[in-house]
Structure formats: structure tokens, C-alpha cells
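Worksheet for the structure shown next.
The values are calculated or read from the model by the stated rules, or taken from the named source; none is laboratory data. Predicted model only: the values in this text are computed from it and were never measured. A quick note on method: Cβ atoms are made from the backbone with ideal geometry, for glycine too, and the neighbour counts reach across all protein chains shown.
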Amino acid sequence: MLANLIPSYDMLGSPMPAILAQFLMALTLAAHWAFLAMTMGGAAAYVMGQGSEDETPVRAKLSAFLPYSLSMAMTLGIAPLLFVQVLYGNFFYTANILVGYVWLGLLALMVVNLYLLFWSWLRSRQGKSIRGLGVLILILLAASAFILATNGTLAQNPQDWETFRANSGVTPYYGDATLVPRWLFALSALLAGGGLFVALFTRLQTPDGEAPMRPVSRPLGVSIAGCIGTLVFGLWGSLALPESVRTGLFGSLESIFVYVAILAFAAALVLGYTALKSMAIKRMLLSAIALFVGLFATAALRDTLRRLALAEYFDLSSVPVHSQWSSFTLFAVILVLGLGLIGYIVVLSYGTDWAKRPNASTV
Ligand code: HEM
């Protein structure tokens, strides 16, 4: 019965070597999370009253940016979706169908969230409070992350599919002990990146010598708390792993992702803390780099955990590879051009003056 619910892999085989798809999946997933972090950090700033009356210019700019950061996150979510389809489509899409209505709910949440972000922008321009909207946006983002996490855990527990299907797709899957720490880890990582983004955003808008301490230090505090959260929930998650997965993980070379993630989040924490003291832009930028490395290592680790959990049912290396380099080249060229274009838009919007400011180089 179980075997009937697991479709075979695509008979056309894989269009590229698995390792390349795995690398790109991790990279694009980290980019997806980076833009989600900006959205989440911005919404958290609304809740904390970032930019209330006396800081209106910064708040207006931030609220103008958030609809775009969520749009970018959604667009960048499509790339890992394509790679997960190539690598684990038979598990991923079956899980999608089994949590059907919950999964489709993600789209509704996305649409509502975009409207809320545009509404916040409008209210901010009118000088009205956007705290309540910030709370709503955060709740919807947390709910979206939960949907992704419940789908991700269901996809790697095919032994539960037969009984779970009696739920007719209206309830999330709670059967994996790592679900809650995995979700809390994701929220912490997004808040860590988001707090840092708002601190940097605010700091860059402020002329040197007039650096407003509170609007920069409060989001930095959120970032530091988020980094601590990643370490705590990461530990909880690793303790909740099934014995076979944990043994497999720490017995393989891929356990390096665990250590890289721990080091990166710890480094981001220390750099964030020192930035709190010095308000130095460079420290914040270094912390942001460390966080991105942490997100990348986490995305790679997710892949390892999924393969270990599915080892009994599926061996990625047994899927035949029929490379289609023309499609891949098209993807790679568009990705590089797209990222270049985003960089160019950022430079056009914010310039590079901040890099020449004396405080920018204070480490
Ligand atoms: C159109 C919108 C979105 C798309 C296309 C998208 C796409 C994806 C994809 C493909 C994955 C990897 C799935 C897997 O490998 O199993 C993923 C993971 C994730 N996404 Fe998104 N996403 C979207 C919106 C969001 C939103 C709004 C959030 C909220 C914060 C979010 C948070 C996450 C999280 C936390 C994970 C990891 C879940 C886990 O495995 O525990 N995503 N997303």
C-alpha cells in the first residue's frame, strides 16, 4: 500500500548531475530566505514602532521597500521549487497533495500579505500608525513558514502517508518530532537577518554624527536574539532527529554543514553584539555575510537530512542523468543577469556614498 503512494522518479531522468542541482537549490533557497528575512525584519520594526513620528522618513522608505522584498522572496522561491522538483518531485508533490488545502493556503496568505504591505506603505505615507499591520504581517509570515515546514516534514515521512491521507488535506502534518524546532529555527534565522537588515537600512539613512542609537540598536537586539534562537532551536532540532538520521548525519562528511551553520550563526551573533557597541556599518555588513553563510549551510543541511530520512525508500544516485546543458545555461545566464540587475537597481536607489563615509570603515 505504501509503495503505491510513492510515485517513481521522472522516467526522463535528471537533467543535470544531482550535486549541481543540490548546490543551486541550497544557494537559491538561502537567497529566498534572505529576502523573507528583510520582510520579516521590516514588519518587526513596524511593531516596535520603528520610525514612529520622529523617524518618519526612514519608516516611509522601509515601508516602500517591503512589498518589493516579499515579491523578490516569492520569485526567488520558485528557483528552489524547480530544483526540489527535479531532485525529490515524487516525494515533494505527493506531500503537497496530502496537505492539499493547507498547502494552497500559502497562496492566500501571500496575496493577503502583499496587500497588507502595500497598505502599510500607504498608511506610513499618511503618517498613520502601522503597528497593528506589522503584527498581522508577522503572523501571516509565521503561518506561511509553518505550512512550508509541515509540508517539508511530511515529504520525508512516507511511512505516515497512508494514515495521514484520511485527513483529506485539511490539517497540517504534526507527525515529525522536528517540526516545532524546525519552524522556530526558521523564524529565529529570519528575525536574525531581518533585524540586521533594518539596523543597516536605518544606519545607512542617517548622516554620521547623527546616528540615532535606538532605531539602530533595537533591531540589532532583535538580530542578536534571533541568532541565539537559531543556536537553541538548532540544538533542540538535532536532539529530536530520529536515531538513524542523527547517526547517519554525524557519521558522514556532510556533518560539516552542522558545524559551518553553528560557526556562522555564532559569528553573526558576536559581530552583531560588537556592532551594537560601535554602530559600525562594516561590522553589520560582516554579520550579514556570516548570516548568509549560516542560511546556505542550513539549506544544504536540510537536503542531507531529507536524503537520510528517505534512505529506505529512495536513492538519489540511482536516478539516471540525461544532462540538458542548454536549459541549464539559459537558467544560469538569466540568474546572473537578474542578480546583476537587482544590484544595479539597489545602487541606483541608494548610491554607494555610504561606503565612502568615515564611519563605514570603522570596524
Ligand atoms: C510564493 C511563495 C513561496 C515560494 C514559491 C516558496 C518556495 C519554497 C521552497 C521551494 C522551499 C523548499 C521546499 C523544500 O525543499 O521542501 C521553501 C522553504 C521554506 N520557505 Fe518558502 N516559499 C514561499 C513563501 C514563503 C514564505 C512567505 C515564508 C515565510 C516566512 C517561507 C518560508 C520558508 C521556510 C521557513 C522554508 C523551510 C521550511 C522547512 O523545510 O522547514 N516561504 N520555500
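Numbers for the structure displayed
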| item | result |
| --- | --- |
| Failed item in (1) more than 12 Å from the ligand (Cβ to nearest atom); (2) under 30 Å from Val333 (Cβ atoms); (3) in a helix (DSSP H, G or I), with Thr28 passing the rest | (1) |
| Qualifying residue in the range 101-114 (condition: within 10 Å of the ligand (Cβ to nearest atom), assigned to a helix (DSSP H, G or I) and aromatic (Phe, Trp, Tyr)) | no |
| Of the criteria (1) surrounded by 15 or more Cβ atoms within 10 Å (Cβ to Cβ); (2) over 26 Å from Leu27 (Cβ atoms), which one Gly127 fails | (1) |
| Any chance Leu98 is among the hydrophobic types (A, V, I, L, M, F, W, C) and either surrounded by fewer than 21 Cβ atoms within 10 Å (Cβ to Cβ) or within 9 Å of the ligand (Cβ to nearest atom) (or both) | no |
| Which numbered condition Gly134 misses (of (1) at pLDDT below 95; (2) more than 12 Å from the ligand (Cβ to nearest atom)) | (1) |
| Residue in the range 232-253 that is closer than 23 Å to Leu106 by Cβ and touching a Gly at 6+ places or on another chain (Cβ under 8 Å) present | no |
| All helices (runs of 4 or more DSSP H) inside the range 129-246 with 2 or more residues being touching a residue at least 60 places away in the same chain (Cβ under 8 Å) and of a type in the set (A, V, I, L, M) | 131-155, 179-205, 213-240 |
| Test result for Ala143, within 14 Å of the ligand (Cβ to nearest atom) and in contact with a Lys or Arg (Cβ under 7 Å, 6 or more places away or on another chain) | no |
| All positions within the range 146-176 that are at pLDDT 95 or above, away from the ligand (no atom under 12 Å from the Cβ) and either in contact with a strand residue (DSSP E or B) (Cβ under 9 Å, 6 or more places away or on another chain) or acidic (Asp, Glu) (or both) | Asp160 |
| One residue from Leu200, Leu191 being within 25 Å of Phe35 (Cα to Cα), within 12 Å of the ligand (Cβ to nearest atom) and under 23 Å from the mean Cα position of the chain (by Cα) | Leu191 |
| Close pairs (8 angstrom Cβ cut-off, 6 or more residues apart or separate chains): closer than 16 Å to Asn90 by Cβ in the range 312-327, small (Gly, Ala, Ser) anywhere | Leu316/Ala18; Ser317/Ala18; Val319/Gly13; Val319/Ser14; Val319/Ala18; Pro320/Gly13; Pro320/Ser14 |
| Matching option when the condition is out of contact with any strand residue (DSSP E or B) (no Cβ under 8 Å at 6 or more places or on another chain) and buried (at least 17 other Cβ atoms within 10 Å of the Cβ), among Phe35, Phe118, Phe23 | Phe35 |
| Selected residue [surrounded by 11 or more Cβ atoms within 10 Å (Cβ to Cβ), modelled with pLDDT under 95, under 25 Å from the mean Cα position of the chain (by Cα) and part of a helix (DSSP H, G or I)] from Phe292, Phe296, Phe331 | Phe331 |
| Neighbours by Cβ (under 7 Å, 6+ apart or cross-chain): first from the range 270-287, more than 18 Å from Gly229 (Cβ to Cβ); second of a type in the set (Phe, Trp, Tyr) and assigned to a helix (DSSP H, G or I) | Ile281/Trp354 |
| Some residue of the range 155-176 being under 16 Å from Ala45 (Cα atoms) and within 25 Å of the chain's Cα centre (by Cα) | no |
| The range 299-328, residues that are touching an Asp or Glu at 6+ places or on another chain (Cβ under 6 Å) and modelled with pLDDT under 95 | none |
